[in-house]
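The values are calculated or read from the model by the stated rules, or taken from the named source; none is laboratory data. Quick caveat, the model's predicted, so the values are computed rather than measured. Heads up, the Cβs are rebuilt from the backbone with ideal geometry, glycines too, and the neighbour counts pull from every protein chain shown. Protein only, heavy atoms only, side chains kept; ligands, DNA and RNA dropped before computing areas. Shrake-Rupley method; radii C 1.70, N 1.55, O 1.52, S 1.80 Å.
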Amino acid sequence: MKPTFLTLAFLALAALAAPSTPAQEQKFADLGDFKLVNGEVIRDCKIGYRTFGKMNADKSNVVVFPTWAGGTTEELTADVGPKGMINDADYFVILLDAFSNGVSSSPSNSAAQPHMKFPEIAIRDMVNSQHEVLTKVLGIQHVKAVMGISMAGMQTFQWMVSYPGFMDKAIPIVGSPHVAPYDVVLWRINIDAIETNPAWNHGDYTENPSKLVESEIGELMLNTPTQYNRTHTRAQALETLAKAAEAPGKDANNKIRQSEAMMALDVADQFGGSMEKAAAAVKAKVFVIVAKQDHVVTPQPAVDFANLLRAPLLELEPGCGHLAPSCEQAKVAAAVADFLKK
């Protein structure tokens, strides 16, 4: 979980578990001109990735782990190692930077399609690009598992139906196969906070707009009121916002494109809108993890999909909201490790 305001969430996870494995070299896969599901093309497409651990001779221990909203593989390294979500002593872990995170091709770094000239993307585009990196660049045709947190959990659901035979197991954590109406409003608020700010200037801004508003939204949504009031005084809450106002923040145009992708997510769109047909296409063994009091990603669509699959489900109880996997990291990591060994 990590800054759009979700990056703030998953930096909280990183703070709980400082990287036990040193950050591996940032690498890039060059995919050339990459066609999107909407027919548009990302010119000179590049996908960032990092690898940890040692691959078995038969390539049977590969685990794919994409990034959450606004997050990068550098930040995600906190989840790799004996104290993280996945132990690279047992698995060859491939972290993948999602489109529009500022590392892989994004509005902020595209020379050919800068700012809002960068095309709209879908979660399915993220997954398609990652599949191409794995198969065409790394020579991997099958993996042990795909897993991910938040927007990476959404990518994990998409992986299940787009490439059902590619993985043995899938572990979406506080993700969704089809974001709920409540979630759509949340992401629309984030986009509107940027686009209604005169400083945005249709994407050609000189100073990052609305970073304070985004931080305020995140402070409210990532936790539950009970948890936030237990962990913050009023002075601390104001101090947190003051620091956010001084920080550079993440690129606004990147946030817009990722937010649009999450708002449009529906893994059933390849199956005439039928979640039953989408679930029937899944071949992997699936373990779904949700947070009961999640105010960022409504858990019910993931629960419903788990029921369609008759898949094991872990519902995190504490009032940490979307940050529940970090509040109960040891429990989640143990459950993930147990599932991967079965």
Place +1 on the Cβ of every Lys and Arg and -1 on the Cβ of every Asp and Glu in the chain, take the dipole about the Cα centre, and give the residue among 311, 152, 209 whose Cα lies farthest towards its positive end. 311
Quick check: residue separation of residue 341 and residue 142 times 0.36 nm, minus the Cα distance between them. What number comes out in nm? 69.9 nm
Equivalent-ellipsoid semi-axes (√(5λ), Cα gyration tensor) for the stretch 264-331, whole Å, largest first? 25, 14, 8
Find the cysteines in the chain that fail to meet the 4.7 Å Cβ criterion with every other cysteine, and list them. 45
So what is log10(I(q)/I(0)) for the chain at q = 0.06, 0.07 1/Å, when the Debye sum runs over its Cα atoms only? -0.18, -0.25
So the carbon and sulfur contribution to the accessible area of the stretch 69-108, 1.4 Å probe, in percent, is 43 percent
How about the stretch 137-224: which GluC sites (Glu not before Pro) there are in a DSSP loop, with at most 12 other Cβ atoms within 10 Å of their Cβ? 207
In Å, the Kirkwood hydrodynamic radius from C-alpha pairs for the stretch 86-127 sits at 11.9 Å
Please state the charge dipole magnitude for the stretch 96-253, taken about the Cα centre, from unit charges on C-beta atoms (+1 on K and R, -1 on D and E), reported in debye and rounded to the nearest 20. 480 debye
Restricting to bridges with both residues inside the chain, how much of the DSSP beta-bridge set is antiparallel, in percent to the nearest 5? 35 percent
Ignoring ligands and nucleic acids, what accessible area does residue 342 show with a 1.4 Å probe (Å², nearest 10)? 150 Å²
With every protein chain left in place, what is the accessible area of residue 30 in Å² (1.4 Å probe, nearest 10)? 100 Å²
Return the Cα extents of the stretch 154-294 along principal axes one, two and three, sorted largest first, each rounded to a whole Å. 49, 40, 24
Roughly how much of residue 309 is accessible, in Å² to the nearest 10, using a 1.4 Å probe? 40 Å²
Output needed: percent of Cα pairs per 5 Å distance bin for the stretch 105-200, bins running from 0 to the one holding the longest distance. 3, 11, 16, 20, 18, 15, 10, 5, 2, 0
Mind listing the long-range amide H neighbours of residue 316? Cut-off is under 5 Å, sequence gap 5 or more, other chains count too, H placed in the peptide plane at 1.01 Å from N. 290, 291, 292
With every protein chain present, what is the per residue accessible area of the stretch 195-342 (1.4 Å probe, Å²)? 50 Å²
Using +1 on the beta carbon of Lys and Arg, -1 on that of Asp and Glu, and nothing else charged, what's the dipole of the chain about the Cα centre, debye to 20? 880 debye
Could you pull out every residue, at least 5 positions away or on a different chain, whose amide H is within less than 5 Å of the one on residue 44? Hs are placed 1.01 Å off N in the peptide plane, and Pro or chain starts have none. 33, 34
GluC sites (Glu not before Pro), restricted to the stretch 75-148: which are DSSP loop and have at most 16 other Cβ atoms within 10 Å? 120
Placing +1 on the Cβ of each Lys and Arg and -1 on the Cβ of each Asp and Glu in the stretch 215-280, which of 238, 278, 253 has its Cα farthest towards the positive end of the resulting dipole? 238
About the Cα centre, charge dipole magnitude for the stretch 302-342 (Lys/Arg +1, Asp/Glu -1 at Cβ), debye: 220 debye
For 58, 44, write out the residues from largest to smallest accessible area, computed with a 1.4 angstrom probe and no ligands counted. 58, 44
